[in-house]
Amino acid sequence: MEKSFWNIYKVFFKMGLLLLGGGYVILPLLQSELIDKRSWIDNDELCEYYALSQSLPGLIAANVSIFTGFKLSRYLGAIAALVGLITPAFLSIVIIASILEQLVRNSYIHSIFIGVGVGVVILLYLAVKEMWGRSVVDKFTWGIFLYALVLSVLKISPVFIILTSILFGIIYGIMKTKSERSN
């Protein structure tokens, strides 16, 4: 499939229709649509875009879409991907807002959201499974994982955890480069 504005928009619109539950849910959708079906990006690029998106302000799904769209077709691709991703949510909000009072009182709608919640949990599991194999690969990354886990259990700010993990990564990279140069 050609990487035109319209095609990028359609692919991300389709993902936007399926995207319930936030940014973590988009990883399996991106992998299926962009890697498996179209070969527009590879697994390493997706992992990098996803990790970078978590470090930036804003919605993870939107950030990943912008990076992916930019890779596919520069600025127009980024716009197509972002607009395609958010169009279904925007339309849903407009429609739901117009009939919100009736929806709040409907027990069937409540049951649907319970079912959707279970589906989101499964998609979160798939996202973690996919990222785990590419992220926690050696003693250093295990150390960063354990560090972040302990601090998050202690309810330390995620901003602090991310910033210190970045700092540890930079220090580790510098030390590894120096070590390789001396050998």
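Mean projected area of the convex hull spanned by the Cα atoms of segment 100-159, taken over all viewing directions: 6.5 nm².
Legend: calculated FRET efficiency, L52 to R105, from the Cβ-Cβ distance at R0 = 41 Å, rounded to 0.05, equals 0.45.
Principal axis analysis of the Cα atoms in segment 30-87 yields extents of 27, 22, 19 Å, listed in decreasing size.
The alpha carbon convex hull volume per residue for segment 1-70 rounds to 77 Å³. Per residue, segment 26-111 exposes an accessible area of 57 Å² to a 1.4 Å probe, with every protein chain left in place.
Its convex hull of Cα atoms gives the chain a direction-averaged projected area, equal to a quarter of the hull surface, of 13.6 nm². Between the exposed loop cleavage positions of the chain, defined as trypsin sites (Lys or Arg not before Pro) in a non-H, G, I, E, B DSSP state with at most 16 neighbouring beta-carbon atoms within 10 angstrom, the longest gap is 39-104.
For segment 52-164, the fraction of 1.4 Å probe accessible surface lying on carbon and sulfur atoms is 76 percent. Accessible surface for segment 122-163, divided over its residues, is 74 Å² per residue with a 1.4 Å probe.
The stretch between I35 and E180, if pulled fully straight at 0.36 nm per residue, gains 48.9 nm over its current Cα-Cα span. Stretching the chain fully between F168 and I112 yields a gain of 15.8 nm (0.36 nm per residue, less the alpha carbon separation).
The values are calculated or read from the model by the stated rules, or taken from the named source; none is laboratory data. In this text the structure is predicted, and so the values were computed from the model without any measurement. Quick reminder, even Gly has a Cβ in these numbers, built from the backbone with ideal geometry, and neighbours come from all protein chains shown. Surface areas here come from the heavy atoms of the whole protein model, side chains and all, with no ligands, DNA or RNA. Shrake-Rupley method; radii C 1.70, N 1.55, O 1.52, S 1.80 Å.
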